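A short worksheet on the structure shown next.
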Amino acid sequence: MEVQAKKDAEKGKFPYKGVKKLSELYQIYESLMNDAKSLLATPKHRASEFEEAEEKIEALMYESSHKNASLKLDLHGLLLHGVPDAIQKLSSTLVKLDLSNNDLDSFPESVTSLVNLVHLDIQSNQLTSLPNSVGNLAKLKILNVSGNNLTALPDGIAKCR
């Protein structure tokens, strides 16, 4: 079957019904991918992902109120465009925050209130700059900003460890 399909393609025939050219198949593929992207970017989908982030924050707040522990929050891959303000309530206990693989186009100011943050992963977003207030994260040792569109780092970053 595969050999026949290859021979047909070489002769200019395409083995899919109704498709005569490879360019037509590519157009169908592009259309399907655009439909999938628009479905993922619908406000309903974004709202549910934001709610999931808020639920994770609430769970950590509960955990931190019953333990005196350092906490880690994983919000990677949720297609977030922002970070719930409730994250500020974790400022004294949150040490690691993963915001990688989201749709952040600006650095969430609420993150700069996380004074005990040691590890921040914001790779693979759409950031073009970091605010000077990132220097408020004085305990920050690991900052992963790869996969963004940054052209420079702010002077305030020198205040981080």
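Quick note: the coordinates plus some simple rules give every number you see, no bench work behind them. This one's a predicted model, so the numbers in the text were calculated from it and none came from an experiment. Ideal geometry is used to build each Cβ from the backbone, glycine not excepted, and the neighbour counts take in all protein chains shown.
The slack between ASP85 and ASP155, meaning 0.36 nm per residue of separation minus the straight C-alpha distance, is 22.7 nm.
Peptides 88-101, 137-150: what's the order by average Cβ count within 10 Å, highest mean first? Please list the in-between numbers first.
Working: 88-101: 19.4, 137-150: 15.0.
Descending packing order for the listed peptides: 88-101, 137-150.
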